[in-house]
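A short worksheet on the structure shown next.
The values are calculated or read from the model by the stated rules, or taken from the named source; none is laboratory data. This one's a predicted model, so the numbers in the text were calculated from it and none came from an experiment. Using ideal geometry, Cβ is built from the backbone for each residue, glycine included, and neighbour counts are taken over all protein chains shown. The accessibility values were calculated without ligands, DNA or RNA, using every heavy atom of the protein model including side chains. Shrake-Rupley method; radii C 1.70, N 1.55, O 1.52, S 1.80 Å.
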Amino acid sequence: MAEPILETYHGNCHCGAFKFSVKLPELKQKGYLWVFPSSFVVEKGEGTLKDYLFSNKTTTHKFCPICGTSVMGQIHNEAQTIGINVRRALFINHESEFGFDTDGQVRTLRDFDEDKLEITHSNGASVEPHYVPPNTSDVSDSTESAKCYRGSCHCGKITYDVQSKPLEEVGVLKCNCSICSRNAALWIYPSEKDVELRGEDHLTVYRFARKASGHAFCSTCGVSVVNNFEHPEGKVIAFMDGKLPVNARTINGIDLKAIKVNKANGKALAPLYEM
């Protein structure tokens, strides 16, 4: 069987503190959200990424401590295999998924749709010892009209309770902007008063462009938890007034497959992301 032709892809964390290039088979035909390149070259920021290990410590997860982008993982086997997080680091183009034409102004590596990639699933959740969420109870203090959901970052430094209508009713929002795409975030928009957030001193807030969205991630494990939104230039955006968006991927015990995903074209908002 002929060896696949390798192409060079360039990637970076969102803020650009860490840049790299990898050689991979062409992703337009077949690709994975985690890929294992034959060649990995750091082009900028050697030593910049922060390490996070947990459980049996077989893999070091590496993320940017400035913007929170999860870039790669290093498996501690004989080969010291490196895996690149395609969704977060290479910034796959999501425009076709939302029905918008590609204008070439936003930095992308290939003009393809993540949802059309051939994905091999790995049941990492079955690997022992099984992960136990730090905020152990999934739901408490529910009423007929609302539920109290519990969630956390991965390491447990950040935990929260949030009161919301059942997520099966309200759905979640998937934004295709440069930072939400990297974080694979799925947002819900509760009122600030309905969110009890604990461990805020462990959050790092990353702002860019208009400085309105403050993507807040755990400084220990890098998980994106909430969005500390500030109205730009004093102009109140009604939809966000009094809200504290929460990343639904950090909520314990919910079945995301059973929840409607609404889509937003944040990528089209000015100023356009460039790196």
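Structural remarks
- Residue within segment 249-259 that is among the aliphatic types (A, V, I, L, M), open to solvent by 20 Å² or more (accessible area, probe 1.4 Å) and touching a strand residue (DSSP E or B) at 6+ places or on another chain (Cβ under 9 Å) present: yes
- Sole exception among (1) touching a helix residue (DSSP H, G or I) at 6+ places or on another chain (Cβ under 8 Å); (2) under 24 Å from Ile66 (Cβ atoms); (3) open to solvent by 30 Å² or more (accessible area, probe 1.4 Å) for Gly266, by number: (3)
- Look at (1) open to solvent by less than 40 Å² (accessible area, probe 1.4 Å); (2) within 20 Å of Cys153 (Cβ to Cβ); (3) of a type in the set (D, E, K, R) and you find that Arg207 fails only one, number (1).
- Looking only at segment 42-61, and only at residues there that are of a type outside the set (A, V, I, L, M, F, W, C) and in a loop (DSSP other than H, G, I, E, B), the one that is nearest to Cys153 (Cα to Cα): Ser55
- Answer residue from segment 170-204, given it is surrounded by fewer than 18 Cβ atoms within 10 Å (Cβ to Cβ) and basic (Lys, Arg) and is nearest to the chain's Cα centre (by Cα) among those: Arg198
- Residue check for Glu3: of a type in the set (Asp, Glu), modelled with pLDDT under 90 and farther than 24 Å from Pro129 by Cα: yes
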